[in-house]
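Read through the structure below, which is laid out as structure tokens, and then see the notes.
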Amino acid sequence: MDLNLKDLRQEYSGEPLDVKDVNSDPIQQFAHWFKEAMDSQLLEPNAMTLSTITSDGKPTARVVLLKEFNTSGFVFFNNYESRKGQELAKQPYACLVFNWLELQRQVRIEGRVEKISAADSTDYFQSRPRGSQIGAWASPQSTVIPDRKVLEEKIEQLTNKYGDFSSLPRPDHWGGYIVQPTLIEFWQGRQSRLHDRVQYKVEANGEWKAARLAP
């Protein structure tokens, strides 16, 4: 296989990003960028890389979907018994990365992770399409299975069991997490790889402080 990756280059030409121009609140700054990502009709702008830590201290990552954000943090939903669920139970810290290549932007978020309330998890679960609700019950996420037929048979059983239900009860093993940020970095691609980076960190008094980082 002859693939010359060294010649793969993209020249960035984004608008300037400076500490003096950003919102003093990083959540508001994120909201501004996220709206621009949505308005640009990007494919799943809420897709984000979630990095966690294994029990032996190794990083591991996968892509999940952001479903809510506010001043408290960034919310996603998952099977609590999955690999990432088990990792978060032991090491409740994570990093999120949004990569909006079409806008030449990236956002990185670090923070502590907690489960959201059972009531909020149930509200969201029962707002999902019925097929997604059944899928959450059917899949023993991250465990080894012999073939897809195992899932298909389980889905058929659940479909028959809850045939008259408009929505299913939420499984105890499924719900939401919130990443409570302590660091948020905004990255804007610029010419000659001299990218603009603005990082917000929480200080001892609980206030956010923004600073410019070298690319």
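Since every read-out is calculated from the coordinates, none of them should be taken as a lab result. Treat the numbers as computed from the prediction; the structure is a model and nothing was measured. Neighbour counts run over all protein chains shown; Cβ positions are idealised from the backbone, glycine included.
Run the numbers on segment 144-215 and let me know its relative contact order in percent, using alpha-carbon pairs under 8 Å that are six or more apart.
The normalised contact order for segment 144-215 reaches 18 percent.
Compactness ratio of segment 129-169: Cα Rg over 2.2 N^0.38 Å, N = residue count?
Its radius of gyration relative to the 2.2 N^0.38 Å reference: 1.17.
Counting other beta carbons within 10 Å of each residue's own, what order do Ser55, Ser167 fall into, fewest first?
Ser55, Ser167
Considering the chain as a Gaussian network with a 10 Å cut-off on Cα pairs, which listed residue, Tyr162, Tyr12, Tyr177, attains the greatest mean-square fluctuation?
Tyr162
Arrange the following residues from fewest to most other Cβ atoms within 10 Å of their Cβ: Leu5, Leu158, Leu50.
Leu5, Leu158, Leu50
What ranking do 103-115, 60-72, 81-93 get when scored by the average of other Cβ atoms within 10 Å per residue, highest first?
Highest-to-lowest ranking by the protection proxy: 103-115, 81-93, 60-72.
Setting aside same-chain residues fewer than 8 positions from Lys84, which lysines have a Cα under 25 Å from its Cα?
Straight-distance partners of Lys84: Lys58, Lys67, Lys115, Lys149, Lys154.
When only Cα pairs under 8 Å and 6 or more residues apart are kept, what is the percent relative contact order across the chain?
Relative contact order, the chain: 26 percent.
Which whole number in µm²/s is D for the chain by Stokes-Einstein, with the Kirkwood Rh taken over Cα pairs at 37 °C and 0.692 mPa s?
Calculated translational D: 168 µm²/s.
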